[in-house]
Every structure is written in C-alpha cells, then in structure tokens.
Amino acid sequence: MSEQSSPLDLAEGDPFGPHNLPYGVFSTPDHPEDRRIGVRIGNHVLDAGAAAHALGSPYEQLLAQPDLTALLAAGRTAWRDVRRALTAWVTVPAHRSAIEPLLRPIESVTLHLPYKVADYVDFYASEHHATNVGKIFRPNGDALTPNWKHLPIGYHGRSGTVVVSGTDVVRPSGQRKTPADAAPVFGPSLKLDIEAEVGFVVGVGSERGRPVPLGDFRDHVFGLSLLNDWSARDIQAWEYVPLGPFLGKSFATSVSAWVTPLEALEAARIASPARDFPLLPYLEDAGDKEESCGLDLRISVAINGQLVAEPPFATMYWTAAQMLAHMTVNGASLRTGDLYGSGTVSGVEPGQRGSLLELTWNGRDPLDLPDGKRAFLEDGDTVTMTAWAPGPDGTRVGLGEVTGRIVPSA
C-alpha cells in the first residue's frame, strides 16, 4: 500500500484522527465468529491485537481479546500506556509497513457490543430535561421534585437488553391507562420515545462497602459512549408510581459501537455549573475542573435523516463523577463493564431537547418531518444520534453514532 493511498493519511481535521482512537470490537465476513478488538482511525478499523503481535508489543495480551473486558480491568496506568503505544503505531512512519495491512474499511466489518455489560444504571441529570418533564406532568406544581438539586436521581436498569448500535428495536407491549380509561388495556406502546444520553463505562471495579469518592472517578471510569435509552412513555406513566421505571424502560438501550477513552477528551473538560444549594461533602466539587469532570459534548439527533435536536451535554447539572460517587455512596460495588447513563440531555432552547416527550410537549406539538408529522415514533422510523467534542489544537473528537430502527411489536 503506497503512502499516497494510505488510510493513515487522513484529511486535516478528521474527527477520528490519532488524537481520538476509540475502541470497539469487530468481526469480518470470512471469520464472522472471530471477534477482535479494533481501534478506529479515520474510516478504518485497526486490528489492535494483530498490530500488537506484529510489533512485538507487551500489550498483546490485553488487545488480542474478543472484547474490551481485560483492557477495562487493567486500570488507568495500562489504559494510558496502551493508548500511547497505539498512537505511535498509527503515527510513526517506521510502523506503516506493519500497520497498513491490518487496517480494514469500516463498511467491510461487523461491529459488536464492545464489552460485557455488568450492571446498568440510568440517571436523570439534566435540569432542563427534568424541568420540562415536571412542567408537562405537574403543570400546577413544582417542576422539580424536592430532592432533585441535592442528589443525582437514578434507577437500576436491565443490562441484558443493552444492544449495540444498528440493532432493531421491537416496539414493546405492556399495560397502558389514560385518565379517560375505566381500566388498563394491554397492547403495543403508542408513545415510543428516545432519550439522547451519554453512557459511562466502568473499567476497574470497587469493593462492596467502600464508596468511590469524586476524586477517584478517573481511576474507575475508562471512557464513554453515546446512548439511547428508548422509552415507552405510556407504559411508564401507568406503572412507575410508586417504584419508578420498569417495563417502560427495560426493553432496549442502544449504545455506540465505539468507546472513547477519557484521555481523548482532555480538551473537552469544563467546570461544573453553579449550584443552587450547598451539596453534601461527598458530592461537593466546588466548581473545580479536576474534580468535576464536566464535559463539553455536542449531540445531534435525527429521525429518518432529518435533524430534530442538538442537545448540549455541557449544560448538565450533575457530572459523571457525581453520578458515580452517589451510585456507590451506600457501599454498592462497581464491576468491570458497569454502564451508567446520564439521563436525557436537554438544553434550555426548544431545539436542544433530547426526547420527543419534550420536543412535541407530550404529543401536543408534533414535529413536521419530510415523511409526515411525528408525536412519537412510528414503526419503520430510524433514530440516529451522533456527537463530537472539542479536541486538541482546534480539532474535533468524533464520538461515533448510535442508531436503531423501530420494528412492529412481536
């Protein structure tokens, strides 16, 4: 392969350049059962295990695996060292002859869920989203519940229904009851919705009974992925009092095939927002950039190719570090492969709302799409989320995409 045609010669500003290098898992048509760790560079995937072998790297044992579990569990020092090695492999000219044959076009491979999801937790960390939901369902009361600004609210979801981007989503069925119904009915959800979120992937676990403090966030969390926590609003509305989300949320959660390491997002780090109430010590970050781990991520949501929202993650009230600290403050342990979602990301502007519930105000104001109006999702609709973050020296860090198509209820 000549240098002129090399996949390593990327266009200036490519969001998947050497400054990014997200991890995934792929297979090829000739060996569909052979799953391998891949690292994205431009529009190609590098077979990371094969590269480590070809260059005699000590990291072959971590990278020649069928998923990311071993790498996630290896810890922060290993994450840093492996990333430095990968950066050298795709940038040092002397490595090109070994690396280029191990690059495959993305369209020629199949991408898989990149790690074994252990536990799944979903939060409710956007003040703008929570306020909108409160106004919709409690128009004559307080938009936020009394606890909202004192702790990151969350619930435990179902790890077994976390699926990789591109997996079809079957419309869920369950009980529904509107105020006008005399009794509940059973059937497919009529208010199927999206939730544009960011998911955080835990690498190193923790001991049960020992909370994880704010300052240890980066020792435990490996990276992040885009996440769509599909929601059946009508099923959820009937079931969630008094114990919260259940069948209306547990049928599918889609995640990107790529996990972006936290180290790739240094330029996107921001301080946490000003707080309206003093926080208890285990959540207090005092606006400190190092402790807060706030992130400037720019999300776009499209339905059938039509852009409908651009939620900004920078506006989140609770940070990923605070979510982790609260999730473990009671002594709950972490496991390698734990995934926790931010909850719907919404900004202050109408075009920044990360759910159809908000965008259509619970169906009152349907969206005008080229193929018709939408209050909620219809069978055949495809939802695609993409995102990027500021990178070093004015670059962008691409966060991949998460997509799913709605198919009729079984």
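Along the axis of the charge dipole computed for the stretch 291-410 (Cβ charges of +1 for Lys and Arg, -1 for Asp and Glu, origin at the Cα centre), the listed residues Gly354, Ala309, Gly331 are led at the positive end by Gly331.
Overall size of the stretch 346-400 from C-alpha positions, given as principal axis extents largest first: 44, 27, 16 Å. Roughly how compact is the stretch 250-351, stated as its Cα Rg over 2.2 N^0.38 Å to two decimals? Cα-based Rg divided by the globular estimate yields 1.20.
Counting 0.36 nm for each residue step from Asp216 to Arg335 and taking away their Cα separation leaves a gain of 41.4 nm. A Förster radius of 30 Å, combined with the Cβ-Cβ distance separating Glu107 from Gln306, puts the computed FRET efficiency at roughly 0.85.
Residues whose amide H comes within less than 5 Å of that of Ile41, counting only those at least five positions distant or on another chain, are Leu46 (H built at 1.01 Å from N in the peptide plane). If a paramagnetic tag sat 7 Å from the Cα of Asp30 along the Cα-Cβ line, which residues of the stretch 46-75 would have the backbone N under 18 Å from that point? The answer is 46-51, 54, whose backbone nitrogens lie closer than 18 Å to the label point. Across all directions, the average flat footprint of the convex hull enclosing the Cα atoms of the chain is 21.1 nm². Calculated over the stretch 116-224, the projected area of the Cα convex hull averaged across directions stands at 10.3 nm². Measuring nothing but protein heavy atoms, the accessible surface of the stretch 176-257 at 1.4 Å probe radius is 61 percent carbon and sulfur. Charged side chains reduced to their Cβ positions (Lys and Arg at +1, Asp and Glu at -1) give the stretch 102-199 a dipole of some 200 debye around its Cα centre.
Between Tyr240 and Asp393, the distance separating the two model label sites (each 7 Å from Cα on the Cα→Cβ line) works out to 4.6 nm.
A cut-off under 11 angstrom between Cβ atoms defines the neighbours of Asp371, and their net charge, with Lys, Arg +1 and Asp, Glu -1, is -1.
Taking 0.36 nm per residue of separation and subtracting the current Cα-Cα distance, fully stretching the chain between Asn140 and Phe186 would add 13.6 nm. Modelled this way, with points 7 Å down the Cα-to-C-beta line, the labels at His95 and Gln61 are 2.1 nm from one another. Short-range pairs are left out: with C-alpha atoms under 8 Å and at least six residues apart, the relative contact order of the stretch 87-223 is 15 percent.
For the stretch 55-144, which whole-number percentage of the solvent-accessible area (1.4 Å probe, protein heavy atoms only) is attributable to carbon and sulfur atoms? Its accessible area is 52 percent carbon and sulfur atoms. Dividing the convex hull volume of the alpha-carbon atoms in the stretch 133-177 by its residue count gives 167 Å³ per residue.
Rounded to the nearest 0.05, the FRET efficiency derived from the C-beta distance between Asp168 and Asn147 at R0 = 45 Å is 0.75. With everything on Cα atoms, drop me the angle between helix 127-137 and the longest principal axis of the chain, reported from 0 to 90° to the nearest 10. Rounded to the nearest ten degrees, it is 30.
Taken along its principal axes, the alpha carbon cloud of the stretch 268-410 reaches lengths of 50, 41, 32 Å, longest axis first.
Estimated from helical segments only, the mean residue ellipticity of the chain at 222 nm is -4500 deg cm²/dmol, where each DSSP H run of four or more residues counts as -39500 (n - 2.57).
With angles folded into 0 to 90 degrees, how steeply does helix 76-91 sit against the dominant principal axis of the chain? Use alpha carbons for both and round to 10. Relative to the chain, helix 76-91 is tipped by roughly 60 degrees.
Taking all protein chains into account, the per residue accessible area for the chain stands at 43 Å² (1.4 Å probe). Between Asp296 and Glu12, what is the FRET efficiency for a Förster distance of 22 Å, r being their Cβ-Cβ separation, to the nearest 0.05? According to the calculation, E is roughly 0.50.
Averaging the sequence gap over all C-alpha pairs within less than 8 Å and six or more residues apart, then dividing by the number of residues, gives the chain a relative contact order of 21 percent. Ranked by the mean number of other Cβ atoms within 10 Å of their residues, highest first, the peptides 349-356, 201-208 fall in the order 349-356, 201-208. The tail of the calculated P(r) for the stretch 45-107 beyond 21 Å holds 19 percent of all Cα-Cα pairs.
The values are calculated or read from the model by the stated rules, or taken from the named source; none is laboratory data. Quick caveat, the model's predicted, so the values are computed rather than measured. Here Cβ is always computed from backbone atoms with ideal geometry, including for glycine, and neighbour counts include all displayed protein chains. The area values use the complete protein model at the heavy-atom level, side chains included, leaving out ligands, DNA and RNA. Shrake-Rupley method; radii C 1.70, N 1.55, O 1.52, S 1.80 Å.
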